[in-house]
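Here is the structure we will look at.
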C-alpha cells in the first residue's frame, strides 16, 4: 500500500480515486497555505510515496530532501508549476506533473467575465446601486465600452489563450492579434488572427490585452511601465495567468494617471497581498485567483492529479509529467 500526502484539502473526487486504488491518503490538517518549514515538518512525520501539492506550496530541494528518497512524484494541483524547482526534482529522480487541459474552458470563461465586467463597469455599478445612489435611468449613467468588434490582443497562445481567441472571434466578432514565442499559421487561418512578432506592436493596437503566458524569468514584469505606456489610453488589461507577469506598482500608476482605461486581475504579484492603492481604484476589477474555480473543473483537476500519481505508482509514465526523472 502506497502512502500519499496531500498538502491541503482538495475536492473529494481526487481523494476517493486514490483510496479506491488502495492507497493510504493523508491530508494536511491545516486547510491553509503551509509555510515551507511547516510542509517540511509534515513530510518528515512519515514515509510517503507521493505528494499532491498546490501552486501555493514552495517545492524546492529542501522539501524534496525532507520527503525522502522513497517519494516518486510530486503532483501539482495546477496547470502552472513555477512553484516547483523542476531541476532539483530531476536531479533526485522525482517526477513532477501538472493538471493541464481540464481548466481551459473555465479559465477562458472567467477571462471573458473579467473583460465584460470591467468594460461594462459591472462591479462599479453594483457598488453604486448597493450604496443607494441609483435614482433612476439616465442617458449618461455609468457609460461603458462595447467588447464586440474590438481588437483583442492575446499574449501567449497556449490552450487558454487560443480558447479566449476563439470566443472573441466566434462570440463577439472581434479581431484577434497574438504574440507568442512561435507563430501558429494554422490558428491564423482558422480565426483570421494576426501574428505580432513584437509585443510592442500588439500593445499599440489592441483595445483589450489578455495575458496567458507562464511565469518564467523572461515573462516576469513582461508588462511594465514602459509597455503600458505603449497601450492605448482607451485600452484594458486582463490577467488570468500569473501575477508577477505584470509590474503591479506600475499598473497602479497607469490606472491612476489614465495611461490605460482599466484592468481586471485574477492573479497578483505578491499573493494574497495587493500593491498599495490597487484596491481603492474604481477602474480595476479584482477576483481572488478563482479563474478555474468551478465545481466541475476543480474536481477534474483533483482527479487528474490522482491519475498522475496512480500511473507513477504503477510504474507507468504520468499522463502529464513535466519533469523527467534521472533515475
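Just so you know, all these numbers are worked out from the coordinates, no wet-lab data involved. Here the structure is a predicted model, which means the values were calculated and not measured. Positions of Cβ are backbone-derived with ideal geometry, glycine not excepted, and every protein chain shown enters the neighbour counts.
If you wrap a convex hull around the Cα atoms of region 104-286, how much volume per residue is inside, in Å³?
Measuring per residue, one finds 120 Å³ for the Cα hull of region 104-286.
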Take 117, 148, 13 and order them by how many other Cβ atoms sit within 10 Å, fewest up front. 148, 13, 117
Stretched out fully, how many nm does the piece from residue 133 to residue 314 gain, at 0.36 nm a residue minus the Cα gap? 58.9 nm
Rounded to the nearest 500, the 222 nm mean residue ellipticity computed for the chain from DSSP H runs (n ≥ 4, each -39500 (n - 2.57)) alone is -10500 deg cm²/dmol
Convex hull volume per residue in cubic angstrom - Cα atoms of region 150-200: 62 Å³
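Sort 231, 177, 1 by Cβ crowding within 10 Å, fewest neighbours at the top.
Taking fewest neighbouring Cβ atoms as first place, the list is 1, 177, 231.
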With only alpha-carbon atoms counted, please give the Rg and Dmax of region 1-63, in Å. 11.4, 31
Compute the normalised compactness of the chain: alpha-carbon radius of gyration over 2.2 N^0.38 Å, N being the residue count. 1.09
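Ranked highest first by the average count of other Cβ atoms within 10 Å around their residues, in what order do 84-90, 20-26, 209-215 fall?
Highest mean packing first, the order is 209-215, 84-90, 20-26.
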Taking Cα atoms, the helix 159-172 axis meets the longest principal axis of the chain at an angle in degrees (rounded to 10) of 30 degrees
What whole number of Å gives the distance from the Cα centroid of region 220-238 to the Cα centroid of region 1-78? 39 Å
Given 61-72, 125-136, 153-164, the highest-first ranking by average Cβ count within 10 Å works out to 153-164, 61-72, 125-136
Within region 154-184, whose backbone N sits under 20 Å from a point 7 Å along Cα→Cβ of residue 204? 154-156, 175-181
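What is the antiparallel percent of DSSP beta bridges lying wholly in region 176-280, to the nearest 5? Could the numbers behind the result be given before it?
On the way: 1 of 12 bridges.
Within region 176-280, antiparallel bridges account for around 10 percent of the total.
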Using only alpha carbons, build the gyration tensor for region 213-327 and give me the equivalent ellipsoid semi-axes, biggest first, whole Å. 36, 17, 11
